[in-house]
């Protein structure tokens, strides 16, 4: 019987230093695929390598030998002895392997549950396997079910609908305030990592312009170039508040750099157009009283962290629904997998019946003399129909036995009863 196996490591089982050694990113993917495909006891295979996981998904009818060979391959490519590598590996068989790949594709096994990138990475791994002809009937179906399930989960749950990073949460808040960020102007004050990330998200939402202010002007120029914006001096910040829509602050200043009086004056000049502050600095760069001014919205790191924590909990709740959907799909796929045992016998039964039908049809048609094309077609359709009706009950019976302990007995009886293991030359016209 064919076994589905998944061997790999991820952010839960191995530190990044170890994952880097095993990852296939530094290797030619063609060589990796060819090496895995050449493992004697592997029938089908797919290789997945990302920053957080390295996995080899494969099918085999010699489970023990194939597992050992895959671990040795990972040991060879990483330069780590297999006995040292094994504690960091997970090894899933059959239902657990199926469940695992479903969860990976649906982003239930990701560092951030619901992140969308992993599905694209799984699809790319599958495309590579198809290109190398290393994936066939079983893994093809498993991958397509993975993609379909991931789409269902994203459609029927809100697992990806909430921001779970501070920077992304800030941008999502901006979208709620302004409705649409397209055409908005942003000033970035300071060069904090989270502020840079927020600016990146803002650019993805098609803002019109970004200005960068930093105490070290050279650094401001560097960041402005990265964001295709303009560097300004600290002294220009007050004037720019009249023009911009969003202010992101992340300086290391021990005192606020945006004051209550400054913003009051600015809002009179802006004719009360909304102004949005994302204050990611600790201590805060914007005086807390600023949030009390009409049409001014100030969110600091605690506000954003609270939103993120709430959204993470929300995603966990949605993940419960997703896990149920995964469990249902595992049952369906496992049921399909069990039917594969009876497929060869069913195929042989159909082939033998078709061979007999064609031989007998040829004899009958030759004895009927001249028939019109329509008459010949009618006779052929009749023989095809008879053959299908005769085979229907035996085939249905065999398929229903897929879950029974006696399945192999029935398959053996069917093969003997219909003489399926004899040479085709035994079937000759009389």
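The values are calculated or read from the model by the stated rules, or taken from the named source; none is laboratory data. The structure presented is a predicted model; accordingly, all values stated were derived computationally and were not measured. Note that we place each Cβ from the backbone using ideal geometry, even for glycine, and neighbour counts take in every protein chain shown.
In table form, for the structure just shown:
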read-out	value
Of residues in the range 142-161 being in contact with a helix residue (DSSP H, G or I) (Cβ under 7 Å, 6 or more places away or on another chain) and surrounded by fewer than 21 Cβ atoms within 10 Å (Cβ to Cβ), the one nearest to residue 314 (Cα to Cα)	158
Residue that is surrounded by the most Cβ atoms within 10 Å (Cβ to Cβ), among those in the range 228-252 that are farther than 17 Å from residue 290 by Cα and touching a residue at least 60 places away in the same chain (Cβ under 8 Å)	251
Any hit, the range 265-275, residues being under 21 Å from residue 201 (Cα atoms) and surrounded by fewer than 21 Cβ atoms within 10 Å (Cβ to Cβ)	yes
In the range 311-322, the residues that are loosely packed, with under 15 Cβ neighbours inside 10 Å and in contact (Cβ under 8 Å) with a residue 40 or more places away in the chain	316, 321
Answer from 347, 320, 326, 396 - the residue that is in the same structural domain as residue 154 (by TED's automatic domain parsing), modelled with pLDDT under 95 and part of a helix (DSSP H, G or I)	320
Condition met for residue 309 (within 30 Å of residue 3 (Cα to Cα), part of a helix (DSSP H, G or I) and within 38 Å of the chain's Cα centre (by Cα))	no
Enumerated helices (runs of 4 or more DSSP H) restricted to the range 78-185, each holding at least 2 residues that are more than 20 Å from the chain's Cα centre (by Cα)	82-85, 166-178
Complete set of residues in the range 210-219 that are buried (at least 16 other Cβ atoms within 10 Å of the Cβ) and farther than 11 Å from residue 249 by Cα	210, 211
Among (1) over 24 Å from residue 393 (Cβ atoms); (2) outside the structural domain of residue 114 (by TED's automatic domain parsing); (3) in contact (Cβ under 8 Å) with a residue 12 or more places away in the chain - the single one residue 303 does not satisfy	(3)
Any hit, the range 226-234, residues being in the same structural domain as residue 193 (by TED's automatic domain parsing) and in a helix (DSSP H, G or I)	yes
Criterion: over 15 Å from residue 135 (Cβ atoms), assigned by TED's automatic domain parsing to the domain that holds residue 143 and surrounded by fewer than 20 Cβ atoms within 10 Å (Cβ to Cβ) - qualifying residue of 16, 70	16
Among residues of the range 197-209, those that are buried (at least 20 other Cβ atoms within 10 Å of the Cβ) and either out of contact with any helix residue (DSSP H, G or I) (no Cβ under 7 Å at 6 or more places or on another chain) or not assigned by TED's automatic domain parsing to the domain that holds residue 248 (or both), counted	2
Out of 225, 180, 279, sole residue that is touching a strand residue (DSSP E or B) at 6+ places or on another chain (Cβ under 6 Å), free of Cβ contacts under 8 Å to residues at least 40 places away in the same chain and on the phi < 0 side of the Ramachandran plot	279
Residue within the range 50-62 that is assigned to a strand (DSSP E or B), crowded, with 22+ Cβ neighbours inside 10 Å and at pLDDT below 95 present	yes
Residue in the range 124-131 that is surrounded by 18 or more Cβ atoms within 10 Å (Cβ to Cβ), within 30 Å of residue 310 (Cβ to Cβ) and out of contact with any helix residue (DSSP H, G or I) (no Cβ under 7 Å at 6 or more places or on another chain) present	no
Residue match in the range 288-298 (condition: assigned to a loop (DSSP other than H, G, I, E, B), loosely packed, with under 12 Cβ neighbours inside 10 Å and not assigned by TED's automatic domain parsing to the domain that holds residue 109)	yes
Residue count, the range 9-24 (criterion: under 14 Å from residue 74 (Cβ atoms) and out of contact with any helix residue (DSSP H, G or I) (no Cβ under 7 Å at 6 or more places or on another chain))	4
Matching residues in the range 329-366 - criterion: being surrounded by 14 or more Cβ atoms within 10 Å (Cβ to Cβ) and farther than 24 Å from residue 392 by Cα	329, 330, 365
